[in-house]
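Participant: Here it is, the structure, as structure tokens.
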Protein chains: 4
Amino acid sequence: MTKGRMEAFSDGVLAIIITIMVLEIKVPHTAELSALKSLIPVLLSYILSFIYIGIYWNNHHHMLHATTRINGGILWANLHLLFWLSLVPFVTGWMGENHFASITMVFYGIVLLMAGIAYVILQNLIIAKNGKESTLSRAVGNDWKGKISPVLYVLGIASAFIHEALSGMFYVVVAIIWLIPDKRIEKVVED
Amino acid sequence: MTKGRMEAFSDGVLAIIITIMVLEIKVPHTAELSALKSLIPVLLSYILSFIYIGIYWNNHHHMLHATTRINGGILWANLHLLFWLSLVPFVTGWMGENHFASITMVFYGIVLLMAGIAYVILQNLIIAKNGKESTLSRAVGNDWKGKISPVLYVLGIASAFIHEALSGMFYVVVAIIWLIPDKRIEKVVED
Amino acid sequence: MTKGRMEAFSDGVLAIIITIMVLEIKVPHTAELSALKSLIPVLLSYILSFIYIGIYWNNHHHMLHATTRINGGILWANLHLLFWLSLVPFVTGWMGENHFASITMVFYGIVLLMAGIAYVILQNLIIAKNGKESTLSRAVGNDWKGKISPVLYVLGIASAFIHEALSGMFYVVVAIIWLIPDKRIEKVVED
Amino acid sequence: MTKGRMEAFSDGVLAIIITIMVLEIKVPHTAELSALKSLIPVLLSYILSFIYIGIYWNNHHHMLHATTRINGGILWANLHLLFWLSLVPFVTGWMGENHFASITMVFYGIVLLMAGIAYVILQNLIIAKNGKESTLSRAVGNDWKGKISPVLYVLGIASAFIHEALSGMFYVVVAIIWLIPDKRIEKVVED
């Protein structure tokens, strides 16, 4: 089975997710700077989620590039990942509109955590299908990023009950960790 | 005629359908758990329809993978299928917003039934074009899933007049039946 | 210059146009049949426009399939066509929401007419680039459909001032004329 | 690393951006010409932004066509460009709805300026990766368009404080400059 259409479909869904988030930044009906100022939390939450979806697209791109064989289970694991990512515009909008209130930070973290878990499931299924000696398997290696991310998400969720800023800090840290392109996969792939 | 652009266009439409459904989950203006609670039926209907569109994409993927030749009639049969699927976000939103009221369950079932019929028409046209001895024809085989689904849809529509939960159960059962990846096609294709 | 990305981009835009139209069918807040009944004109206008966009995608597919060379002018002629088609959801929604009022029928016809002209411009540029002896040039032939369509659009626009139904009839006739797949191109291409 | 998926993802995002802008042209609830008249500024701002996104797609197409190698940094520079372009529907809608008020013209210019800068960064990274002797490097040449555009954007932003029409003029001039297809790249590529 070829991976081409799975890539095309994922690209389509991710492109739509990243773009419809901008629809949450409602056009103000007045032409005043103050109207724009009240949109700053919405814009900030948009930027954070844009980076997260960008990271997922980037890693998804690298992962599938190093993949040669897929099957029905992988297609569904991929849809499972896309499901959680499709909820990102919702939690992003909720968080932005309510100025990062605790409860919205909790659900933002939950969606990120579930997407992270879905990604790991997808990765494991692909490695299982392509073999321990596959390019991807060697590229993923010990995967410290994948291991530390859920811990940070849980800390972000828990700390939202103490202070919103603390929670936000954890989500920003995960984004920064992943923003650095995965040199391991990149290097192995380019060999 | 190549099937490439038909796949690309279908992927695009299905990716958009699956993603814009999330726009029906309106961002609450308050940061309270109760606001989220009232969205649970909307979320449940979203999950069900996400799985349905996922199933269609999955089967569409397998079907076209086993296809070599298409023609104008097939292009239109494909558009006919996409038309019914494009109504899924509407009936999903209507069903979710009105907490699975009978009348909304009826129309949800009708759209699913019509999409199912459209899929069978498309499949038959493709088999007719590619020959009885084609990979697809052998893969589809006796197609019990395709035969039982319309029956279950009709039962779902009819039972909506008795009780909503009964109707919903039929729609969930069809989803579960199809969720199991089509081993037949997969196997034949991989040979 | 390859035509691949122009096809991909056009597919994307057409897929989005055909799908976002469904967003104009606003989900009713009540679960009553009467709520659905008032949506019938919106649904009818959606079906007509769905068929029109389907026709454009179909013909666009055939035209580019028979094309080997493109250039900057063709890219812009293509964007020009997509611009007019991007206004289809707007005029469709306006027409549907106002129950096919005369003035909305006039603007629906104008957008269709402009899209038709844009298509002819694109076709001529492609033929000019690919030569009189190209597959496309032979396939298009005397192009009676392309010649009669603008006449029917103008009749549709003019008759909207007399009666809406008369105007609608002209738009339906054009759709039917084109719904029949272009055997000429299909035949030449398959040779 | 292949450029295919980066092209596909960019095509998807640009196709969505160019199309969702049309959603800002809200369907009037009355069937009167006056209702349409009040939409003229929205339509004009839509046309301008449609051309801008069209230019970006066109140049992006040419640039990547002349590219052979990409890396992680290029993927992120591309996402950075798409981020600024994703804000175009927002500033377009704001500008249109408020009849080109000064403050909206300022932010429209800022988003265009940032997108322009993001494009130059992307171009430089691609040239650095592909070498000074690459097709793209020769094609870009002295790049007077890329150099004059930011100057005109800044003039457009500054002059918005004097008169809106003056500001708009600058933005239209940049669009006209770029509307002329990049003969240099086109020529080099076709060689």
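The values are calculated or read from the model by the stated rules, or taken from the named source; none is laboratory data. For clarity, every value in this text was computed on a predicted model and none was experimentally measured. All Cβ positions, glycine included, derive from the backbone under ideal geometry; neighbour counts span all protein chains shown. Just so you know, the surface numbers come from the protein's heavy atoms only, side chains and all, with ligands and any DNA or RNA stripped out. Shrake-Rupley method; radii C 1.70, N 1.55, O 1.52, S 1.80 Å.
Participant: How would you classify the protein assembly as shown from its alpha-carbon gyration tensor, with a ≥ b ≥ c the square roots of the eigenvalues: rounded for a/c under 1.5, else prolate if a/b is greater than b/c, otherwise oblate?
Facilitator: In terms of gyration-tensor shape, rounded.
Participant: A further question on this structure: Go ahead and run the numbers for FRET between A:VAL172 and D:LYS26, Cβ-Cβ distance against an R0 of 51 Å, rounding to 0.05. Mind dumping the intermediate values first?
Facilitator: Numbers: r = 36 Å, r/R0 = 0.70.
Approximately 0.90, to the nearest 0.05.
Participant: What nm value, rounded to one decimal, do you get for the distance between B:ILE162 and D:SER34 when each label is placed 7 Å out toward the C-beta?
Facilitator: Label-label distance for B:ILE162 and D:SER34, simple model: 5.7 nm.
Participant: Exceeding 18 Å between C-alpha atoms, which entries from my cross-link table qualify? They are B:LYS3/C:LYS3; A:LYS3/A:LYS129; C:LYS3/D:LYS145; A:LYS129/B:LYS3.
Facilitator: With Cα atoms farther than 18 Å apart: C:LYS3/D:LYS145; A:LYS129/B:LYS3.
Participant: Another question about this same structure. Put D:HIS29, C:HIS61 in order of accessible area, largest first, 1.4 Å probe: what do you get?
Facilitator: Descending order: D:HIS29, C:HIS61.
Participant: Related question: Need one number: nm distance between label points at A:ILE148 and A:VAL120, each 7 Å from Cα along Cα→Cβ, rounded to one decimal.
Facilitator: Distance between label points: 1.5 nm.
Participant: How big is the accessible area of A:LYS145 in square angstrom, nearest 10, if you roll a 1.4 angstrom probe over the protein chains?
Facilitator: For A:LYS145, the solvent-accessible surface is approximately 10 Å².
Participant: Once the whole set of protein chains is in place, how much accessible area is left on D:GLU97, using a 1.4 Å probe, in Å² to the nearest 10?
Facilitator: Spelled out: D:GLU97, probe radius 1.4 Å, area about 60 Å².
Participant: For the protein assembly as shown, what is the charge dipole size about the Cα centre, in debye to the nearest 20, if Lys and Arg each add +1 at the Cβ and Asp and Glu each add -1 at the Cβ?
Facilitator: Dipole about the Cα centre, nearest 20: 1520 debye.
Participant: When a/c is below 1.5 the answer is rounded, else prolate if a/b is larger than b/c, else oblate, so apply that to chain C with a ≥ b ≥ c taken from the square roots of the Cα gyration tensor eigenvalues. Spell out each step's value before the answer.
Facilitator: Values: a/c = 2.34, a/b = 1.75, b/c = 1.34.
Because a/c hits 1.5 or more and a/b exceeds b/c, chain C counts as prolate.
Participant: For peptide A:62-72, compute the average count of partner chain beta-carbon atoms within 10 Å of each residue's beta-carbon.
Facilitator: 2
Participant: Through the Karplus equation 6.51 cos²θ - 1.76 cosθ + 1.60, θ set to phi - 60°, convert the phi angles of the stretch A:14-26 into ³J(HN,Hα) values in whole Hz; use x for Gly and Pro.
Facilitator: Karplus values, whole Hz, x for Gly and Pro: 5, 5, 5, 4, 5, 8, 6, 4, 5, 5, 6, 7, 5.
Participant: Please report the spacing between the Cα centers of the stretch B:62-96 and the stretch A:26-93 in Å, no decimals.
Facilitator: About 26 Å separates the Cα centre of the stretch B:62-96 from the one of the stretch A:26-93.
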